[in-house]
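Q: Following this message is one structure expressed as structure tokens.
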Amino acid sequence: MSGPTTTPTPATAPPLRALVVDDEAPTLAELAWLLEQDDRVGEVRTASSGTDALRVLEDSTVDVVFSDVSMPGLDGLDLARVLARFSQRPQVVFVTAYDDHAVDAFELAATDYVMKPIRAERLREAVRRVVEKRDAGEERPGERDDAAARGPQDETIPVELGGVTTFVQRSRIRYATAHGDYARLHTDAGSHLVRVSLNALEERWGEAGFARIHRSTLVSLPHVTSVSMDGGRCRVSVGDVVLQVSRRHTRALRERLLRSPR
């Protein structure tokens, strides 16, 4: 194991309060130890099950929960669903030996998805994402009203690339296209197929600036560079890509573009 991390923490940012949940004692101890070596992390509490974690949270407020997925009884996914109903909702980072829960992590708005065996540098990256999300103004314990006033913040989406789970920031997604029950997310660097419907993305990302322009296309308004009419048909340009806007969506798109603080 490596020595303490020296990543600087802004003076105005308090250290993270973390809860680690894993039913395997050696992994629980290793993860807690690694977090304690990070200067951005302050208090680290532990729990050996999802139920035990809820008992800890009855008396403690934490900023982030690092949880295993596969545990007896209340597993990590169920725990995250319970946490989503908390008035003071902590961020969730899944730490697991299996990559087949990445889609569930996306649906539950997890901040990160770390694979076992745990690598210190990968865990530091997860902490960075937690801190970045917190400092960007996403919900912190006790600040739900302020978060509502600020509006939606960025989100991390797990995607599969060559059998490896990687992560894409929602702000990098220029548009999304439907592929049956799947959606393809297009960024300036490429595209990624995720197992979630375009309808679900529209509902989830509407307040983040995404607009439906066709039954098979969702576009990020901040990435739209121009809008044009040709033969009565509307088109939008996203960089060097031109997307058709269906007639039924043209008026709504115009109104949103006029309202959008782009």
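Q: Given the condition open to solvent by 70 Å² or more (accessible area, probe 1.4 Å), touching a Phe, Trp or Tyr at 6+ places or on another chain (Cβ under 6 Å) and of a type outside the set (S, T, N, Q), answer yes or no: does some residue in the range 190-210 qualify?
A: Checked the range 190-210: at least one residue is open to solvent by 70 Å² or more (accessible area, probe 1.4 Å), touching a Phe, Trp or Tyr at 6+ places or on another chain (Cβ under 6 Å) and of a type outside the set (S, T, N, Q).
Q: Could you tell me which numbered condition Pro261 fails, if it satisfies all but one of (1) at pLDDT below 90; (2) open to solvent by less than 40 Å² (accessible area, probe 1.4 Å)?
A: Result: Pro261 fails condition (2) only.
Q: Can you work out which of the residues in the range 131-184 that are among the aromatic types (Phe, Trp, Tyr) and under 24 Å from Ile213 (Cα atoms) is modelled with the highest pLDDT? Please lay out each step first, then the result.
A: Quick first cut of the range 131-184, residues among the aromatic types (Phe, Trp, Tyr) only: 167, 175, 182.
Among the residues that remain, those that are also under 24 Å from Ile213 (Cα atoms) are: 175, 182.
Numbers: Tyr175: 97, Tyr182: 89.
If we take residues in the range 131-184 being among the aromatic types (Phe, Trp, Tyr) and under 24 Å from Ile213 (Cα atoms), then Tyr175 is modelled with the highest pLDDT.
Q: So, one more: Specify which of the listed residues (Val44, Val20, Val65) is more than 18 Å from Ala105 (Cβ to Cβ), touching a helix residue (DSSP H, G or I) at 6+ places or on another chain (Cβ under 8 Å) and in a strand (DSSP E or B).
A: After applying the criteria, what remains is Val44.
Q: Looking at Met229 and the list (1) in a strand (DSSP E or B); (2) surrounded by 13 or more Cβ atoms within 10 Å (Cβ to Cβ), which single condition is not satisfied?
A: Result: Met229 passes all but (2).
Q: Pairs, please: C-beta under 7 Å, at least 6 apart or cross-chain, first residue more than 18 Å from Glu255 (Cβ to Cβ) and of a type in the set (Lys, Arg) and in the range 215-235, second open to solvent by 10 Å² or more (accessible area, probe 1.4 Å) and assigned to a loop (DSSP other than H, G, I, E, B)?
A: Arg215/Ser246
Q: Okay, moving on. Could you check how many residues of the range 165-185 are in contact with a Ser or Thr (Cβ under 7 Å, 6 or more places away or on another chain), over 11 Å from Ser216 (Cα atoms) and surrounded by 15 or more Cβ atoms within 10 Å (Cβ to Cβ)?
A: 6
Q: So Arg119 clears everything in (1) farther than 25 Å from Ser171 by Cβ; (2) touching a residue at least 12 places away in the same chain (Cβ under 8 Å); (3) exposed (fewer than 15 other Cβ atoms within 10 Å of the Cβ) except one condition, right? Which one?
A: Only one criterion in (1) farther than 25 Å from Ser171 by Cβ; (2) touching a residue at least 12 places away in the same chain (Cβ under 8 Å); (3) exposed (fewer than 15 other Cβ atoms within 10 Å of the Cβ) is unmet by Arg119, namely (2).
Q: Which count do you get for residues in the range 211-221 that are buried (at least 20 other Cβ atoms within 10 Å of the Cβ) and of a type in the set (Ser, Thr, Tyr)?
A: Total satisfying the criteria: 2.
Q: Considering only the range 194-214, state which residues are among the small types (Gly, Ala, Ser), touching a residue at least 12 places away in the same chain (Cβ under 8 Å) and within 15 Å of Leu257 (Cα to Cα).
A: The answer is Ala208, Gly209, Ala211.
The values are calculated or read from the model by the stated rules, or taken from the named source; none is laboratory data. A quick note: this is a predicted structure, and the numbers were derived from the prediction, not measured. Virtual Cβ from ideal backbone geometry, glycine too; neighbours counted across all protein chains shown. Protein only, heavy atoms only, side chains kept; ligands, DNA and RNA dropped before computing areas. Shrake-Rupley method; radii C 1.70, N 1.55, O 1.52, S 1.80 Å.
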